[in-house]
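The values are calculated or read from the model by the stated rules, or taken from the named source; none is laboratory data. Note that the structure is a prediction, hence the values are computed from the model and not measured. With ideal geometry, Cβ positions are generated from the backbone for all residues, glycine too; neighbour counts draw on all protein chains shown. For the accessible areas, the whole protein counts, side chains as well, though only heavy atoms, and no ligand, DNA or RNA atoms are used. Shrake-Rupley method; radii C 1.70, N 1.55, O 1.52, S 1.80 Å.
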Amino acid sequence: MKKLLTVLLLLAAATSNARQQGAKPSARLVDSFGEIQLSYMVARLDSFANELQNDPAARGLVVAYSERNKFPGWPMRRALWSAKYLADSRGLDRARLAVIDGGRGEETKSELWVVPAGAESPVKPYDAALTMAGEKAPLPFDRIGVVERGDPDYSIYGQPHPDDEYLYAYFSEVLRRDPALRGCVIGYTSKRGPRAAGRRIASRAKLTMAKAHGTDVSRVYAFGGGRREYKTIELWLVPPGAELPKPTPDLRTPRRKRQ
(Lines give C-alpha, C1' and ligand atoms only; values in the text may rest on other atoms or scores of the structure.)
Protein backbone atom coordinates (compact mmCIF):
# COMPACT_ATOMS: atom_id res chain seq x y z
CA MET A 1 0.00 0.00 0.00
CA LYS A 2 2.84 2.35 0.89
CA LYS A 3 4.58 1.57 -2.40
CA LEU A 4 1.38 2.31 -4.34
CA LEU A 5 0.95 5.61 -2.51
CA THR A 6 4.56 6.54 -3.22
CA VAL A 7 4.09 5.76 -6.94
CA LEU A 8 0.92 7.86 -7.10
CA LEU A 9 2.68 10.80 -5.41
CA LEU A 10 5.57 10.56 -7.85
CA LEU A 11 3.19 10.48 -10.81
CA ALA A 12 1.30 13.51 -9.47
CA ALA A 13 4.55 15.42 -9.00
CA ALA A 14 5.71 14.52 -12.50
CA THR A 15 2.37 15.61 -13.99
CA SER A 16 2.51 18.91 -12.10
CA ASN A 17 6.06 19.60 -13.30
CA ALA A 18 5.10 18.81 -16.87
CA ARG A 19 2.17 21.18 -16.71
CA GLN A 20 4.36 23.92 -15.26
CA GLN A 21 6.99 23.42 -17.94
CA GLY A 22 4.38 23.50 -20.68
CA ALA A 23 2.47 26.47 -19.25
CA LYS A 24 2.62 29.60 -21.36
CA PRO A 25 4.27 32.56 -19.59
CA SER A 26 2.05 35.52 -18.76
CA ALA A 27 2.63 39.24 -18.41
CA ARG A 28 3.13 40.70 -14.96
CA LEU A 29 1.79 44.08 -13.81
CA VAL A 30 4.64 45.85 -12.03
CA ASP A 31 3.09 49.23 -11.25
CA SER A 32 0.01 51.40 -11.78
CA PHE A 33 -0.42 55.10 -11.01
CA GLY A 34 -2.48 58.14 -11.87
CA GLU A 35 -1.62 61.79 -12.48
CA ILE A 36 1.56 62.00 -10.39
CA GLN A 37 4.38 64.51 -10.62
CA LEU A 38 7.26 63.84 -13.00
CA SER A 39 9.80 63.29 -10.20
CA TYR A 40 7.62 60.56 -8.66
CA MET A 41 7.04 58.98 -12.05
CA VAL A 42 10.77 58.83 -12.73
CA ALA A 43 11.26 56.88 -9.49
CA ARG A 44 8.59 54.39 -10.58
CA LEU A 45 10.23 54.08 -14.00
CA ASP A 46 13.60 53.40 -12.39
CA SER A 47 12.10 50.46 -10.50
CA PHE A 48 10.49 49.26 -13.72
CA ALA A 49 13.86 49.44 -15.48
CA ASN A 50 15.39 47.26 -12.77
CA GLU A 51 12.70 44.64 -13.35
CA LEU A 52 13.45 44.58 -17.08
CA GLN A 53 17.20 44.46 -16.55
CA ASN A 54 16.74 41.40 -14.35
CA ASP A 55 14.99 39.64 -17.23
CA PRO A 56 16.84 40.54 -20.46
CA ALA A 57 14.48 38.41 -22.59
CA ALA A 58 11.35 40.21 -21.40
CA ARG A 59 9.70 43.22 -23.01
CA GLY A 60 8.43 46.32 -21.24
CA LEU A 61 4.93 47.61 -21.90
CA VAL A 62 3.61 51.05 -20.93
CA VAL A 63 -0.18 51.34 -21.13
CA ALA A 64 -1.95 54.70 -21.00
CA TYR A 65 -5.62 55.20 -20.09
CA SER A 66 -7.27 58.59 -20.47
CA GLU A 67 -10.14 59.99 -18.46
CA ARG A 68 -13.26 60.91 -20.38
CA ASN A 69 -13.76 64.65 -20.98
CA LYS A 70 -10.04 65.36 -20.59
CA PHE A 71 -7.28 65.79 -23.15
CA PRO A 72 -7.04 62.30 -24.72
CA GLY A 73 -3.51 62.88 -25.97
CA TRP A 74 -1.90 63.74 -22.63
CA PRO A 75 -1.64 60.20 -21.15
CA MET A 76 -0.11 58.82 -24.34
CA ARG A 77 2.35 61.71 -24.52
CA ARG A 78 3.51 60.90 -20.99
CA ALA A 79 3.69 57.19 -21.84
CA LEU A 80 5.86 57.94 -24.87
CA TRP A 81 8.08 60.11 -22.70
CA SER A 82 8.38 57.17 -20.28
CA ALA A 83 9.67 54.90 -23.04
CA LYS A 84 12.07 57.64 -24.12
CA TYR A 85 13.37 57.96 -20.56
CA LEU A 86 13.85 54.21 -20.17
CA ALA A 87 15.87 54.09 -23.39
CA ASP A 88 17.85 57.33 -23.08
CA SER A 89 18.49 57.45 -19.34
CA ARG A 90 18.36 53.79 -18.28
CA GLY A 91 19.96 52.27 -21.36
CA LEU A 92 17.17 49.87 -22.30
CA ASP A 93 16.88 48.81 -25.93
CA ARG A 94 14.01 50.80 -27.43
CA ALA A 95 13.01 47.69 -29.38
CA ARG A 96 12.15 46.03 -26.04
CA LEU A 97 9.69 48.77 -25.12
CA ALA A 98 6.14 49.21 -26.36
CA VAL A 99 3.56 51.91 -25.67
CA ILE A 100 -0.15 51.43 -26.29
CA ASP A 101 -3.36 53.33 -25.67
CA GLY A 102 -5.59 51.33 -23.33
CA GLY A 103 -8.65 53.43 -24.11
CA ARG A 104 -10.96 55.78 -22.22
CA GLY A 105 -12.03 55.23 -18.64
CA GLU A 106 -13.07 56.87 -15.40
CA GLU A 107 -9.57 58.10 -14.59
CA THR A 108 -6.21 58.87 -16.12
CA LYS A 109 -3.90 55.96 -15.38
CA SER A 110 -0.59 54.44 -16.45
CA GLU A 111 0.38 50.78 -16.16
CA LEU A 112 3.85 49.25 -16.35
CA TRP A 113 3.99 45.59 -17.46
CA VAL A 114 6.82 43.08 -17.79
CA VAL A 115 6.02 40.74 -20.68
CA PRO A 116 8.20 37.58 -20.68
CA ALA A 117 9.38 36.02 -23.93
CA GLY A 118 6.52 34.11 -25.53
CA ALA A 119 3.81 35.88 -23.50
CA GLU A 120 0.96 37.75 -25.13
CA SER A 121 0.22 41.41 -24.56
CA PRO A 122 -2.05 41.78 -21.51
CA VAL A 123 -3.96 44.73 -22.97
CA LYS A 124 -5.70 45.09 -26.32
CA PRO A 125 -4.78 48.42 -27.96
CA TYR A 126 -7.51 51.00 -28.32
CA ASP A 127 -8.42 51.83 -31.92
CA ALA A 128 -7.15 55.37 -32.49
CA ALA A 129 -9.66 55.79 -35.31
CA LEU A 130 -12.43 55.86 -32.67
CA THR A 131 -11.06 58.97 -30.97
CA MET A 132 -13.47 61.30 -32.78
CA ALA A 133 -16.44 58.94 -32.92
CA GLY A 134 -19.61 61.00 -32.53
CA GLU A 135 -17.73 64.32 -32.31
CA LYS A 136 -19.19 67.20 -34.34
CA ALA A 137 -17.01 70.02 -33.02
CA PRO A 138 -13.22 70.37 -32.76
CA LEU A 139 -11.76 68.29 -29.94
CA PRO A 140 -8.90 69.63 -27.78
CA PHE A 141 -6.41 66.77 -28.01
CA ASP A 142 -3.47 68.01 -25.96
CA ARG A 143 -2.05 71.13 -24.31
CA ILE A 144 1.72 71.28 -23.92
CA GLY A 145 3.80 73.84 -22.07
CA VAL A 146 7.06 74.25 -23.99
CA VAL A 147 10.34 76.13 -23.72
CA GLU A 148 12.72 77.35 -26.39
CA ARG A 149 16.44 77.83 -26.44
CA GLY A 150 17.27 81.01 -24.57
CA ASP A 151 14.35 80.70 -22.13
CA PRO A 152 15.37 80.79 -18.44
CA ASP A 153 14.07 77.27 -17.79
CA TYR A 154 15.28 75.73 -21.06
CA SER A 155 17.70 73.33 -19.37
CA ILE A 156 15.28 72.07 -16.71
CA TYR A 157 14.98 68.30 -16.97
CA GLY A 158 11.79 67.08 -18.57
CA GLN A 159 10.72 70.40 -20.08
CA PRO A 160 9.31 69.77 -23.60
CA HIS A 161 10.72 71.63 -26.59
CA PRO A 162 8.68 72.39 -29.74
CA ASP A 163 10.96 70.08 -31.77
CA ASP A 164 10.56 67.01 -29.53
CA GLU A 165 9.26 64.26 -31.79
CA TYR A 166 7.42 62.27 -29.12
CA LEU A 167 5.06 65.20 -28.44
CA TYR A 168 3.24 64.65 -31.73
CA ALA A 169 3.57 60.89 -32.26
CA TYR A 170 0.09 59.91 -31.11
CA PHE A 171 -1.57 63.00 -32.62
CA SER A 172 -0.05 62.07 -35.98
CA GLU A 173 -1.18 58.47 -35.53
CA VAL A 174 -4.80 59.52 -34.99
CA LEU A 175 -4.70 61.69 -38.10
CA ARG A 176 -3.21 58.83 -40.10
CA ARG A 177 -5.88 56.39 -38.92
CA ASP A 178 -8.74 58.76 -39.80
CA PRO A 179 -8.08 60.52 -43.14
CA ALA A 180 -11.26 62.58 -42.79
CA LEU A 181 -9.87 64.51 -39.83
CA ARG A 182 -7.89 67.71 -39.92
CA GLY A 183 -5.35 68.76 -37.36
CA CYS A 184 -4.88 72.20 -35.85
CA VAL A 185 -1.86 73.52 -33.98
CA ILE A 186 -2.15 76.78 -32.05
CA GLY A 187 1.01 78.29 -30.59
CA TYR A 188 0.93 80.77 -27.72
CA THR A 189 3.82 82.95 -26.67
CA SER A 190 4.55 83.89 -23.06
CA LYS A 191 3.17 86.97 -21.36
CA ARG A 192 6.25 89.01 -22.30
CA GLY A 193 7.00 87.34 -25.62
CA PRO A 194 6.52 88.79 -29.09
CA ARG A 195 3.36 87.68 -30.88
CA ALA A 196 5.44 86.21 -33.70
CA ALA A 197 6.76 83.61 -31.24
CA GLY A 198 3.36 81.90 -31.16
CA ARG A 199 3.34 81.45 -34.91
CA ARG A 200 6.93 80.23 -34.81
CA ILE A 201 6.17 77.61 -32.17
CA ALA A 202 3.16 76.33 -34.11
CA SER A 203 5.13 76.15 -37.35
CA ARG A 204 7.95 74.22 -35.68
CA ALA A 205 5.46 71.73 -34.30
CA LYS A 206 3.90 71.22 -37.73
CA LEU A 207 7.32 70.79 -39.35
CA THR A 208 8.32 68.20 -36.73
CA MET A 209 5.13 66.21 -37.44
CA ALA A 210 5.99 66.11 -41.13
CA LYS A 211 9.66 65.20 -40.70
CA ALA A 212 9.38 62.74 -37.82
CA HIS A 213 5.99 61.13 -38.45
CA GLY A 214 5.25 61.69 -42.13
CA THR A 215 2.13 63.74 -41.37
CA ASP A 216 0.35 65.22 -44.38
CA VAL A 217 0.88 68.93 -43.71
CA SER A 218 -1.96 69.84 -46.07
CA ARG A 219 -4.31 68.53 -43.37
CA VAL A 220 -2.70 70.48 -40.52
CA TYR A 221 -3.30 74.18 -39.83
CA ALA A 222 -0.80 76.05 -37.68
CA PHE A 223 -1.11 79.60 -36.41
CA GLY A 224 -0.36 81.82 -33.43
CA GLY A 225 -2.93 82.40 -30.71
CA GLY A 226 -1.55 85.36 -28.80
CA ARG A 227 -0.15 85.44 -25.27
CA ARG A 228 -0.55 83.18 -22.27
CA GLU A 229 1.24 82.91 -18.96
CA TYR A 230 3.72 80.46 -20.51
CA LYS A 231 4.60 79.30 -24.01
CA THR A 232 2.04 76.69 -24.97
CA ILE A 233 1.13 74.42 -27.87
CA GLU A 234 -2.46 73.25 -28.32
CA LEU A 235 -3.30 70.30 -30.56
CA TRP A 236 -6.86 69.98 -31.91
CA LEU A 237 -8.68 67.38 -33.97
CA VAL A 238 -11.21 68.86 -36.37
CA PRO A 239 -14.00 66.65 -37.83
CA PRO A 240 -15.33 67.15 -41.38
CA GLY A 241 -17.46 70.28 -41.78
CA ALA A 242 -16.41 71.82 -38.46
CA GLU A 243 -14.77 75.23 -38.20
CA LEU A 244 -11.25 75.56 -36.88
CA PRO A 245 -10.96 76.32 -33.15
CA LYS A 246 -10.46 79.94 -32.18
CA PRO A 247 -7.45 80.98 -30.10
CA THR A 248 -8.08 81.74 -26.44
CA PRO A 249 -5.25 83.95 -25.16
CA ASP A 250 -5.12 84.51 -21.43
CA LEU A 251 -3.37 87.85 -21.38
CA ARG A 252 -4.00 91.04 -23.24
CA THR A 253 -1.23 93.30 -24.37
CA PRO A 254 -1.04 96.15 -21.86
CA ARG A 255 -1.76 99.58 -23.28
CA ARG A 256 0.97 102.15 -23.24
CA LYS A 257 0.36 105.14 -21.09
CA ARG A 258 -0.01 108.40 -22.92
CA GLN A 259 2.84 110.85 -22.40
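Descriptive notes on the structure:
- For the residues Ile201, Ile100, a 1.4 Å probe over the protein chains yields an accessible-area ranking, largest first, of Ile100, Ile201.
- Of all DSSP beta bridges in the chain, antiparallel share, percent nearest 5: 65
- Prolate/oblate/rounded call for segment 79-161, Cα gyration tensor, a/c under 1.5 rounded: oblate
- Relative intensity, log₁₀ I(q)/I(0), of segment 28-138 from a Debye sum that treats every alpha carbon as a point, q = 0.15, 0.20, 0.22 Å⁻¹: -0.63, -1.04, -1.22
- Cross-link pairs Lys84/Lys136; Lys70/Lys211; Lys24/Lys70; Lys84/Lys206; Lys136/Lys206; Lys124/Lys231 - those with Cα-Cα distance over 32 Å: Lys84/Lys136; Lys24/Lys70; Lys124/Lys231
- Check: segment 35-133 dipole with +1 on Lys, Arg Cβ and -1 on Asp, Glu Cβ, in debye: 240
- Translational diffusion coefficient (Stokes-Einstein; Kirkwood radius from C-alpha pairs) of segment 129-259 at 20 °C, 1.002 mPa s, in µm²/s: 140
- Cα gyration tensor shape of segment 69-211, rounded if a/c is under 1.5, else prolate or oblate by comparing a/b with b/c: oblate
- The order of Glu243, Glu135 by accessible area, most exposed first and with a 1.4 Å probe, is Glu243, Glu135.
- For segment 125-194, diffusion coefficient by Stokes-Einstein and Kirkwood Rh (Cα), 20 °C, 1.002 mPa s, µm²/s: 149
- Qualifying trypsin sites (Lys or Arg not before Pro) in segment 97-142, where qualification requires a DSSP coil assignment and no more than 12 other C-beta atoms within 10 Å, comprise Lys136.
- Protein-only accessible surface at a 1.4 angstrom probe places the residues Asp153, Asp216 in the order Asp216, Asp153, largest first.
- Compared with the dominant Cα axis of the chain, that is its longest principal axis, helix 196-213 is turned about 30°.
- Cα→Cβ-extended label distance, 7 Å offset, between Thr248 and Arg68, nm: 2.1
- With 5 Å bins from 0: P(r) over the chain, alpha-carbon pairs, percent: 1, 6, 11, 14, 15, 14, 11, 8, 5, 4, 3, 2, 2, 2, 1, 1, 1, 0, 0, 0, 0, 0, 0
- Charge dipole of the chain (Cα centre as origin; +1 on each Lys and Arg Cβ, -1 on each Asp and Glu Cβ, all else neutral): 940 debye, rounded to the nearest 20.
- Charge-dipole axis of the chain as Lys and Arg at +1 and Asp and Glu at -1 on Cβ define it, positive-most pick from Tyr40, Ala95, Pro162: Pro162
- Think of each Lys and Arg Cβ as +1 and each Asp and Glu Cβ as -1; about the Cα centre, that makes the dipole of segment 88-215 roughly 680 debye.
- Here the sum of -39500 (n - 2.57) over DSSP H runs of 4 or more residues, divided by the residues of the chain, equals -10000 deg cm²/dmol at 222 nm, to the nearest 500.
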